[in-house]
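I'd like to ask you about the structure that follows.
The values are calculated or read from the model by the stated rules, or taken from the named source; none is laboratory data. The structure presented is a predicted model; accordingly, all values stated were derived computationally and were not measured. So basically every Cβ, Gly included, is an ideal-geometry build from the backbone, and we count neighbours across all protein chains shown. SASA here: full protein model, heavy atoms, side chains in, ligands and nucleic acids out. Shrake-Rupley method; radii C 1.70, N 1.55, O 1.52, S 1.80 Å.
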Amino acid sequence: MEAMNHNSTLYSDVAMNLESTHSNVIPITLFIAVLCLCLVVGHLLEAYRWLNESIAAILIGFVVGTIILCTSKWKSSRLLRFNEELFFIYLLPPIIFNAGFQVKKKQFFHNFFPIMLFGVAGVLISTSIVAAGSWWLFPKLGFGGLSISDYLSIGTIFSSTDTVCTLQVLSQDETPLLYSLVFGEGVVNDATSVVLFNAVQKINADTLNGQTALRIFLDFLYLFSTSTVLGIAAGLVTAFILRGLSFGRHSSVREIALMVLVAYLSYMLAELFELSGILTVFFAGVLMSHYSWHNVTESSRITTSYAFATLSYIAETFIFLYVGMDALDYEKWKMSTLSFWTKMGLYSTVMFFIAVGRAAFVFPLSIISNYLHRSGGESSKISGHHQMVIWWAGLMRGAVSVALAFKQFTHSGVTLDPNNATMITTTIVIVLFSTVVFGFLTKPLVDHLLPATNSNTNNRNPRDPGSPKEDMTLPLLSLEESASENLSRAKENVSMLMDRPVYTIHSYWRRFDQTYMRPIFGGPCSNEPSC
């Protein structure tokens, strides 16, 4: 009898599991069908660069969400309900890895200092302004109940940018400096926002004071440095293995598989050690594209370029599609107890501080960058119109903001707290408004600030004009030369560093890379363009 009862229970569990699996198949099938629709619509909109695929995915998600909401009798507008960890485990890694892998290394490293200024220092400044402004004004608008950790998280959530709309209307050939700054800052900004968000999560602060800020900053530096080192190590190990074992002699598939698996392994190891997997996988992508990509066969080079971009595209479209559907989640809107005008005040306040926080670092840091490039010629200077485009490009919010908001204010995509529900809906409104409205206005603004007749007058040559010719085989110091000759060369290097700091540091890196790194880890030949 007991055996029969046990078998009956077992059969019942199996039947329930099969029923649950079957119930998930239908929404997943519909979601994939909607993703295919996004691909087709994106292709049809290719000629209209003012309407990018992010906007199209949001609008399609909105329409599909409306249909589902009506058919479900106002219960839910989503096909899927998933854990917020899905964003960080499956969706964000391919997006960030592809950004690092596809980055134009020559431009990225040549403009490394201003990119890091905007992408790292800028995030710290913007987060401080958004967090402080929200902490000051939210209670005055009648919205309270948030902790210090929540306000700091809000600062990081709304400091993460989405520069896709701007990049689609910029020409990399006509404005290489501007394109490099917008693209580079965008990917570094996303990684830095996640690092800072993780640092904030580790701080249990009841009050916001200098000691709390110092603890967050030190934890941020620790996470940033260790995550970067782990990503660089993963990229170098992959390059060393591919160069030493020559995988391509037997199988191109193994080459690609090794790059994908090591990149994902580095991400998971970073998460395991409570570091920033996003920053790790970004630098792993940069190092793999600089070294590993040149150690594989020609067919693998072509395949990796398209395969990584495809995974990133699907993941990003998935997120924007979900945002469009989630905007109609009736339960979240109904859970918030705030009045309509209070909500409008919250949205306006957040958008205002996003714009102010953006301006607070773009224009001052551009002045600093121009000063450091003072002897590099006009092609290295960030003009006033370029600064306006950079400021505008960072006003839009996207996938990372949504992921961080879900991680902070929901559990498995569900929130039962009115304050948390308000912050989720606020994030969705900001993402929708900034992406759609600012996205539509991006092309007219860029056309006005950078007319086609003048767009190629600046930044024609990414390398500083008049840069002195340098011997790439000349060491910084040599044991074979006398102390006086080494001292004289050291004085000359210091003088160059003081006069042209950015160019000199970049020159040192190229000489070090060609002399010591490429013989071990591979890389482009000397006649190929490199950073």
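Name the residues in segment 157-176 that are open to solvent by less than 20 Å² (accessible area, probe 1.4 Å), assigned to a helix (DSSP H, G or I) and modelled with pLDDT of 70 or more, would you?
157, 166, 176
Looking at (1) of a type outside the set (Phe, Trp, Tyr); (2) under 26 Å from the mean Cα position of the chain (by Cα); (3) closer than 17 Å to residue 523 by Cα, can you tell me which one residue 296 breaks?
(2)
Could I ask something else about it? Applying the selection to segment 226-243, what residues are surrounded by fewer than 22 Cβ atoms within 10 Å (Cβ to Cβ) and closer than 15 Å to residue 288 by Cα?
To start, the set of residues in segment 226-243 that are surrounded by fewer than 22 Cβ atoms within 10 Å (Cβ to Cβ) comprises 226, 228-229, 232-233, 236-237, 240-241, 243.
Once the filter is applied, which keeps residues that are surrounded by fewer than 22 Cβ atoms within 10 Å (Cβ to Cβ) and closer than 15 Å to residue 288 by Cα, segment 226-243 yields 228, 229, 232, 233, 236, 237, 240, 241, 243.
Let me confirm something: among 362, 356, which residue is buried (at least 18 other Cβ atoms within 10 Å of the Cβ), part of a helix (DSSP H, G or I) and aliphatic (A, V, I, L, M)? If you could, list the steps in order and put the result at the bottom.
On the way: 356 fails: buried (at least 18 other Cβ atoms within 10 Å of the Cβ).
The conditions single out 362.
Mind counting the residues in segment 278-289 that are under 21 Å from residue 245 (Cα atoms) and open to solvent by 10 Å² or more (accessible area, probe 1.4 Å)?
Going through segment 278-289 one residue at a time, the tally reaches 1.
Return the pairs, sorted by first residue and then second, in which the second residue is in a helix (DSSP H, G or I), the first residue lies in segment 209-223 and is of a type outside the set (A, V, I, L, M, F, W, C), the beta carbons are less than 6 Å apart, and the residues are 6+ apart or on different chains.
219/199
Specify the residue that is farthest from the chain's Cα centre (by Cα); the eligible residues are those in segment 126-136 that are buried (at least 19 other Cβ atoms within 10 Å of the Cβ) and not polar (S, T, N, Q).
Checked segment 126-136; the qualifying residue farthest from the chain's Cα centre (by Cα) is 133.
What residue, of 275, 279, 269, is among the aliphatic types (A, V, I, L, M) and over 17 Å from the mean Cα position of the chain (by Cα)?
Of 275, 279, 269, the one residue that is among the aliphatic types (A, V, I, L, M) and over 17 Å from the mean Cα position of the chain (by Cα) is 269.
Can you name the residue in segment 286-300 that is of a type in the set (S, T, N, Q) and assigned to a helix (DSSP H, G or I) and, of all such residues, is farthest from residue 266 (Cα to Cα)?
Step by step, filter segment 286-300, then rank; the result is 299.
Collect the residues in segment 252-277 that are open to solvent by 10 Å² or more (accessible area, probe 1.4 Å) and not in a helix (DSSP H, G or I), keeping them in residue-number order.
273, 274, 275
Would you confirm whether any residue within segment 40-47 is in contact with a helix residue (DSSP H, G or I) (Cβ under 8 Å, 6 or more places away or on another chain) and at pLDDT 80 or above?
For segment 40-47, residues in contact with a helix residue (DSSP H, G or I) (Cβ under 8 Å, 6 or more places away or on another chain) and at pLDDT 80 or above: present.
When you go through (1) modelled with pLDDT under 85; (2) open to solvent by less than 10 Å² (accessible area, probe 1.4 Å); (3) farther than 30 Å from residue 61 by Cα one by one for residue 246, which number turns out not to apply?
(2)
Give the residue, chosen from 194, 200, that is touching an Asp or Glu at 6+ places or on another chain (Cβ under 9 Å) and either under 19 Å from residue 92 (Cβ atoms) or not in a helix (DSSP H, G or I) (or both).
The unique qualifying residue is 200.
Follow-up question, since we're still on this one. For residues that are among the acidic types (Asp, Glu) and either under 20 Å from residue 397 (Cα atoms) or free of Cβ contacts under 8 Å to residues at least 40 places away in the same chain (or both), tally how many sit in segment 325-367. Talk me through it step by step, then tell me what you get.
So in segment 325-367, the residues among the acidic types (Asp, Glu) come out as 326, 329, 331.
Imposing the further condition that a residue be either under 20 Å from residue 397 (Cα atoms) or free of Cβ contacts under 8 Å to residues at least 40 places away in the same chain (or both) reduces the set to 326, 329.
Residues meeting the conditions: 2.
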